[in-house]
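The values are calculated or read from the model by the stated rules, or taken from the named source; none is laboratory data. A quick note: this is a predicted structure, and the numbers were derived from the prediction, not measured. Positions of Cβ are generated from backbone atoms using ideal geometry, with glycine treated the same way; all protein chains shown enter the neighbour counts. For the accessible areas, the whole protein counts, side chains as well, though only heavy atoms, and no ligand, DNA or RNA atoms are used. Shrake-Rupley method; radii C 1.70, N 1.55, O 1.52, S 1.80 Å.
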Amino acid sequence: MDALLSFFKEVLLEGSFVPNSFYEAKKVLCDLGLGYTKIDACRNDCILYWRDYADVQACPKCGKSRWKFEEHRGTKVAHKILRHFPIKPRLQRLYMARETTKKMRWHKEENIDDGVLRHPSDSIAWKSFDARHPTFSAELRNVRLGLAKLKELWDGIETYDAHSKSNFLMRVAIIWTINDFPAYGNLSGWSTKGKSACPCCHKDTQSTFLHSKLCYMGHRRFLPMDHPCRRSRALFDGKVEMGVVPNPLIGDEALVQLQALGNVTFGKGQKRKRDVHNNAYNWKKKSIFFQLPYWKSLMLRHNLDVMHIERNVSDNILSTVMNMVGKTKDTLKSRYDLMDLGIRQRLHPIDDGNNILLPAACYALSAEEKLKVCSFLANLKVPDAFSSNISRCVNVQEKNIHGLKCHDHHVWLQDIFPVAIRGLLPKEVCDSIIALGKFFKNIYSKCLTIEDLDILEAEIPVILTKLQLVFPPDFFDVMVHLPIHLPSEAKLGGPAQYQNMYPIER
């Protein structure tokens, strides 16, 4: 590192500041408020040696020593160290630039309230938070964070505003979190696996355990009560669907369920112990966010990540339609699922005594049709910055598509695939896939109205029900079920572009 700094001193213009050593560079960063603090941690991740545990020499939970001896240094050091980046100075620095400070007030001073959802401040959850906490919303410059660890900042810290050239008491609130689905389970405490994996349907999640795995096909209860698919027995599971849409889980109800969970012990090298009661449902722990005084009153605590949902749905469609080995949802087990449900007899496996034959499905392309799709993609030309070079992900000879990233699936499902499969798949298959791509295209609109979202909320259960008439049960994992909740979440949190992982992972 010191050699690299010397190189920069030689090539940069005279008068440019370059530290003489890595140590001096770190000092400059610390002076700018960009440093970090080191906090010792238990080797089994039980505790941080911080605050009440700052002077403890061994973990009070697992009994392991805080220290280890390093021979080359001849001294003892901590087994594990957490590098903590304090967020207070980072937030205060936002107000040190005039232009940035002015933009921090945009949502209150310049946003036009015309019923169109352009920004999270237009959403129902944001307005509900301001109505419940008028003291917080009265100060325009207070900060609402998507994710932070700042219990003490709810009380406020004095901060200088470069735009108004005055000090004010900055208060910070976590209005919701943005994360992928596995992290959703870690932060919320609700397990995103098992028979109640959907955190929006919570205890009322409809799932069926078949030969292949758990399948989530309870989409008919989101249809109007007079919809003919609700009464159709032969096309689905032999039952009439008279269920209703589950009510959202409010904070008070969640706390009542969490009381039945009991104590949970965390740490490596030991099993998690918890006293589980039937009323605890799919809860694995009580989220630390419930320590915030306003957390239980929030209408939207955790966002479903639209980016990864779309990516997984697109991957399921692509691998099944292209019949990719090891990834397709059209397997022998999924055909036995159809036998168990007593539906689509023409697709049931045929045992001829020597082999088990799988009849051709309408949703799977033949070898000749796959060649046409791959040739189409290999010669595809798109505008600059529209997508990556998808032709690099196509192997025409092997008739295979691989290596698509999240944004590739984004443009693939919405714009490319509907063109590629037109005329190759039956109308009922094409129409369902095209409608699903159109749904995601609409949910990603920069400007939405409540009326637009009401239409999408009515369309998505119909789309998923039509897909259920086409694809095998194995196709319907929890990620295929989650789009049914995206319109209602957009009403609460605003446009999907502010609710997904694209800006965070970028």
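A residue that is at pLDDT below 90 and not acidic (Asp, Glu) can be found somewhere in the range 422-437. Return yes when GLU152 is buried (at least 19 other Cβ atoms within 10 Å of the Cβ), out of contact with any strand residue (DSSP E or B) (no Cβ under 7 Å at 6 or more places or on another chain) and not small (Gly, Ala, Ser) and no when it is not. No: the conditions fail for GLU152.
Of everything listed in (1) crowded, with 19+ Cβ neighbours inside 10 Å; (2) not in a helix (DSSP H, G or I), the single unmet condition for LEU424 is (1). Being open to solvent by less than 40 Å² (accessible area, probe 1.4 Å), under 26 Å from TYR160 (Cβ atoms) and in a helix (DSSP H, G or I) holds for only one residue in THR135, THR101, and it is THR101.
Checking each residue in the range 53-63 for being open to solvent by 80 Å² or more (accessible area, probe 1.4 Å) and either aromatic (Phe, Trp, Tyr) or closer than 13 Å to ASP40 by Cα (or both) picks out TYR53, ASP55, GLN57. Scanning the range 358-373 for residues that are of a type in the set (A, V, I, L, M, F, W, C) and either under 18 Å from ILE433 (Cα atoms) or touching a Pro at 6+ places or on another chain (Cβ under 8 Å) (or both) turns up LEU358, ALA361, CYS362, ALA364, LEU365, VAL373. For the range 377-387, check the following and say yes or no: at least one residue is touching a residue at least 12 places away in the same chain (Cβ under 8 Å), over 28 Å from HIS211 (Cβ atoms) and not in a loop (DSSP other than H, G, I, E, B). Yes, the range 377-387 contains at least one residue that is touching a residue at least 12 places away in the same chain (Cβ under 8 Å), over 28 Å from HIS211 (Cβ atoms) and not in a loop (DSSP other than H, G, I, E, B).
Within the range 69-85, restricting attention to residues that are loosely packed, with under 12 Cβ neighbours inside 10 Å and touching a residue at least 12 places away in the same chain (Cβ under 8 Å), which residue is farthest from ALA41 (Cα to Cα)? Taking the candidates together, the pick is PHE85.
Just wondering, is there one or more residues in the range 5-16 that are modelled with pLDDT of 75 or more, part of a loop (DSSP other than H, G, I, E, B) and either open to solvent by 80 Å² or more (accessible area, probe 1.4 Å) or within 29 Å of VAL143 (Cα to Cα) (or both)? Taking every residue of the range 5-16 in turn, none turns out to be modelled with pLDDT of 75 or more, part of a loop (DSSP other than H, G, I, E, B) and either open to solvent by 80 Å² or more (accessible area, probe 1.4 Å) or within 29 Å of VAL143 (Cα to Cα) (or both). Restricting GLY194, GLY185 to those that are open to solvent by less than 50 Å² (accessible area, probe 1.4 Å), part of a loop (DSSP other than H, G, I, E, B) and of a type outside the set (A, V, I, L, M, F, W, C) reduces the list to GLY194.
I'd like the full set of residues that are open to solvent by less than 20 Å² (accessible area, probe 1.4 Å), assigned to a helix (DSSP H, G or I) and touching a helix residue (DSSP H, G or I) at 6+ places or on another chain (Cβ under 8 Å), limited to the range 480-506. Across the range 480-506, the qualifying residues are VAL480, HIS481, LEU482, PRO483, ILE484, LEU486, PRO487, ALA490, GLY493, ALA496. Taking each residue of the range 460-471 that is touching a residue at least 40 places away in the same chain (Cβ under 8 Å) and looking for partners that are of a type in the set (Lys, Arg) with beta-carbon atoms closer than 7 Å, six or more apart or interchain, yields THR465/ARG220; PHE471/LYS329.
VAL245 meets each of the listed conditions (1) open to solvent by less than 70 Å² (accessible area, probe 1.4 Å); (2) under 30 Å from the mean Cα position of the chain (by Cα); (3) among the aliphatic types (A, V, I, L, M) apart from (1). Among the residues of the range 225-242, those that are part of a loop (DSSP other than H, G, I, E, B), touching a helix residue (DSSP H, G or I) at 6+ places or on another chain (Cβ under 8 Å) and open to solvent by less than 70 Å² (accessible area, probe 1.4 Å) comprise HIS227, PHE236, ASP237, GLY238, VAL240, GLU241. Taking the range 290-306 as the range and being buried (at least 21 other Cβ atoms within 10 Å of the Cβ) and in a helix (DSSP H, G or I) as the test, only VAL306 passes. Which of the residues spanning the range 391-419 are open to solvent by less than 20 Å² (accessible area, probe 1.4 Å), touching a residue at least 24 places away in the same chain (Cβ under 8 Å) and assigned to a helix (DSSP H, G or I)? Answer for the range 391-419, where residues must be open to solvent by less than 20 Å² (accessible area, probe 1.4 Å), touching a residue at least 24 places away in the same chain (Cβ under 8 Å) and assigned to a helix (DSSP H, G or I): HIS409, VAL411, TRP412, LEU413, ILE416, PHE417. Scanning the range 77-98 for residues that are assigned to a loop (DSSP other than H, G, I, E, B) and under 22 Å from ILE157 (Cα atoms) yields PHE85, PRO86, TYR95, MET96, ALA97. If the condition is being open to solvent by less than 10 Å² (accessible area, probe 1.4 Å), of a type outside the set (A, V, I, L, M, F, W, C) and either under 25 Å from ASN323 (Cβ atoms) or assigned to a loop (DSSP other than H, G, I, E, B) (or both), then the range 427-472 contributes SER432, GLY437, THR465, PRO472. Taken over the range 335-381, the criterion of being under 29 Å from TYR216 (Cβ atoms) and aromatic (Phe, Trp, Tyr) is satisfied by TYR336, TYR363. For the range 19-39, taking the residues that are under 27 Å from LEU91 (Cα atoms) and open to solvent by less than 60 Å² (accessible area, probe 1.4 Å), the one that is modelled with the highest pLDDT is identified as ILE39.
Scanning the range 314-359 for residues that are assigned to a loop (DSSP other than H, G, I, E, B), of a type in the set (Asp, Glu) and under 18 Å from VAL480 (Cα atoms) turns up just one, ASP330. Beta carbons closer than 7 Å, at least 6 apart along the sequence or on distinct chains, pair a first residue in the range 353-367 that is free of Cβ contacts under 8 Å to residues at least 24 places away in the same chain with a second that is surrounded by 12 or more Cβ atoms within 10 Å (Cβ to Cβ) and outside any loop (DSSP other than H, G, I, E, B) for PRO359/LEU347.
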